[in-house]
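**Student:** Got a structure here, written out as structure tokens. Questions coming.
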Amino acid sequence: MDFGIRDKVAFVSGGSKGMVREAALMLAGEGAKVAIVARTQGPIDDTVAQIRSRGGTAMGYSADLTTRSGVRDAVAAVRAQFGDPDIAISCVMENIAGDFDDVKDEDFERFFIVYAMSVVYLAREVIPAMKTKGWGRFVAVGSGTAKEPVGNIHHMLANTTRPAAVGFVKTLSDEVAKYGITCNTVGPGWIGTANMYDYLEKKMGVTPDKVGEFLHDLIPAGRVGRPEEIASTIAYLCSDLAGYISGNWIGVDGGKHKSLF
């Protein structure tokens, strides 16, 4: 299948690790020029090297994408080397576990920045050029908690702030659809990344060898998802073929969510 994105410029936030790294590799395999933007230089360099070893085109840039200046500088760096992004994937990860009595007001404020404002900052920088080109793909990697808050893993902060980003992306999609731009949110369920295993062990006391047992009855599929299973959804939404999919929250969770819509 040809995704129709050869030589498109893809800004991949959080593309140095986990499921978004897999998405970056897939986009590069489709001929896109991929910019890996994250905080930690080592994993950025490793991912860029892997893309290049496969014959792809990639660059890396270290930035804090929870700040306006970090996003602005990162997009400027990508623009200088590859041109304006045609594709933008937003994924910023940070974890503080706790119930209401455990977290502080400033934690709520911080997480609105991490999970909502980071998406706004990126859209602000990339959408204008997409409008000019008459084509664009904007994908926010969110969480299943935006649709169905999870109480048993002390996720008060994510349960509260994740839905804000979904509302923003949906509203933005309505405004920019006429310019050939699609905007969607992908909601991962339990995906077998290092971040997931680390969270469950440190915050819930569930060791990696017990994760399957812990989650088995919560997921109809009866297993943890593979990073490439969600990466393929992200990559497809960035394709030319996905031009009629916009304004959606798309869950990739093995059937975990129970609602019809």
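**Student:** Can you tell me the dipole magnitude for the chain around its Cα centre, using point charges on the Cβ only (Lys, Arg +1; Asp, Glu -1), in Debye to the nearest 20?
**Tutor:** Using Cβ point charges on Lys, Arg, Asp and Glu, the chain gives about 700 debye.
**Student:** Next question, about the same structure. Quick check: at a probe of 1.4 Å, how many percent of the accessible area of the chain sits on carbon and sulfur atoms?
**Tutor:** On the chain, the fraction of accessible area on carbon and sulfur atoms equals 51 percent.
**Student:** Continuing with the same structure: Among residues other than Arg110 whose Cβ falls under 12 Å from its Cβ, what is the net charge (Lys/Arg +1, Asp/Glu -1)?
**Tutor:** Details: positive: Lys104; negative: Glu94, Asp105, Glu106, Asp107, Glu109.
Charge balance in the 12 Å sphere: -4.
**Student:** A further question on this structure: Can you give the calculated 222 nm mean residue ellipticity of the chain, where each DSSP H run of n ≥ 4 adds -39,500 (n - 2.57) and the sum is split over every residue, rounded to the nearest 500 deg cm²/dmol?
**Tutor:** -13500 deg cm²/dmol
**Student:** Additional query: Between Phe112 and Arg68, what is the label-to-label distance in nm when each label sits 7 Å out along the Cα-to-Cβ direction?
**Tutor:** Label at Phe112, label at Arg68, 1.6 nm between them.
**Student:** What distance in nm separates the simple spin-label points at Asp105 and Glu201, each placed 7 Å from Cα in the Cβ direction?
**Tutor:** The modelled label-to-label distance comes out at 3.7 nm.
**Student:** Please report, in Å, the Rg and the Dmax of the chain, where both are computed over Cα atoms only.
**Tutor:** 17.6, 51
**Student:** Work out the charge dipole of the chain with +1 on the Cβ of Lys and Arg and -1 on the Cβ of Asp and Glu about the Cα centre, then indicate which of Phe108, Ser173, Pro208 is farthest towards its positive end.
**Tutor:** Of the options given, the answer is Ser173.
**Student:** What accessible area per residue comes out for the chain, rounded to a whole number of Å², with a 1.4 Å probe?
**Tutor:** Normalised by residue count, the accessible surface of the chain is 46 Å².
**Student:** Sticking with this one: Quick one: dipole size for region 65-174, taken about the Cα centre, charges +1 on Lys/Arg Cβ and -1 on Asp/Glu Cβ, in debye to the nearest 20.
**Tutor:** In total the dipole reaches around 680 debye.
**Student:** Under 11 Å from the Cβ of Tyr179, count the other residues' Cβ atoms, weight Lys and Arg +1, Asp and Glu -1, and hand me the total.
**Tutor:** Cβ neighbours under 11 Å give a net charge of +2.
**Student:** Using a 7 Å offset from the Cα along the Cα-to-Cβ direction at both Lys131 and Gln41, what is the distance between the two label points in nm, to one decimal?
**Tutor:** That separation, rounded to one decimal, is 3.7 nm.
**Student:** So what's the projected area for region 112-253, the Cα convex hull averaged over all directions, in nm²?
**Tutor:** 8.7
**Student:** Still on this model: Below 26 Å, Cα to Cα, which lysines can Lys131 reach? Residues fewer than 8 away in the same chain don't count.
**Tutor:** Within the straight-line limit of under 26 Å, Lys131 reaches these lysines: Lys8, Lys33, Lys170, Lys178.
The values are calculated or read from the model by the stated rules, or taken from the named source; none is laboratory data. Worth saying up front: this structure is predicted, and the values here are computed from it rather than measured. Quick reminder, even Gly has a Cβ in these numbers, built from the backbone with ideal geometry, and neighbours come from all protein chains shown. What goes into the accessible areas is simple: the full protein's heavy atoms, side chains included, and nothing from ligands, DNA or RNA. Shrake-Rupley method; radii C 1.70, N 1.55, O 1.52, S 1.80 Å.
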